[in-house]
Amino acid sequence: MSRPAVHPVEPPPLIDGRNDVAPPRRVRMKDVQGMPGTSTGLALRLCQFVFTVISLAVMASTSDFPSVTAFRYLVAAVGLQSLWSFTLALIDIYALCVKRSLRNPAVITAYTIGDGVTSTITFAAACACAGITVLISNDLNRCDINHCKRFMSATAMAFISWFAVSPSFFLNFWSLASS
């Protein structure tokens, strides 16, 4: 029968000025344009915000959008996307004004998760609305009594806002995975 062996472990060196051991250096995340706190990241956020607000305004300007569930879903999705993009644009503006770096793994994780959720919701809503507008215009031929042009333009703006969200999501996800 073997005896248990206890091996002493040296405690880590103290870093309170009594010894000359420097703390380990931290690895800094790479500066990638499009990430939070960069001018390109701010431009992407503003594009997202502008296109979602246009989509929301065009859809809300019609009187009969509440009659179709997909259109109500689009209004809710682009409303959420516009709030998310506006909030992050304000944070990016603040970071650029005070020259504060937002390249922290916790911040990047929050941005990545939020962008992933909002982009998925926006894309799903835009796809649902595209299907309904095709049904109304091509299959039912009822564009003359509906607001097909407005529905189509609101759907197009939602797709464009999704195209603006996708680079933010992928850049943040890539930088998070590579750090």
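Remarks
- With all protein chains modelled, accessible area of VAL50 [1.4 Å, Å²]: 80 Å²
- Radius 11 Å from Cβ of THR62, net charge of other residues (Lys, Arg +1; Asp, Glu -1): +1
- Spatial extent of segment 104-144: Rg and Dmax, with the Cα atoms as the point set, Å: 17.0, 53
- Ordered from largest to smallest accessible area (heavy atoms of protein chains, 1.4 Å probe), the residues THR69, THR62 come out as THR69, THR62.
- Solvent exposure of ILE54, expressed as accessible area, is near 70 Å², computed with a probe of 1.4 Å over the protein chains only.
- For segment 83-127: rounded, prolate or oblate by the Cα gyration tensor [a/c cutoff 1.5]: oblate
- Protein heavy-atom surface of segment 22-179, 1.4 angstrom probe: 69% of the accessible area is carbon and sulfur, with nucleic acids and ligands not counted.
- Given their separation in residues at 0.36 nm each and the Cα-Cα distance between them, LEU176 and THR40 gain 47.2 nm when the chain is fully extended.
- Segment THR62-ASN141, extension gain: residue separation times 0.36 nm, minus the distance between their alpha carbons: 26.6 nm
- Residues in segment 68-142 average 50 Å² of solvent-accessible surface per residue, probe 1.4 Å, ligands and nucleic acids excluded.
- When ILE132, ILE108 are compared by accessible surface with a 1.4 Å probe, the order from highest to lowest is ILE132, ILE108.
The values are calculated or read from the model by the stated rules, or taken from the named source; none is laboratory data. Quick caveat: nothing in here was measured; it's all calculated off a predicted structure. Glycine gets a Cβ as well: all are built from the backbone with ideal geometry, and neighbour counts include every protein chain shown. Heavy atoms of the whole protein, side chains included, go into the accessibility calculation; ligands, DNA and RNA do not. Shrake-Rupley method; radii C 1.70, N 1.55, O 1.52, S 1.80 Å.
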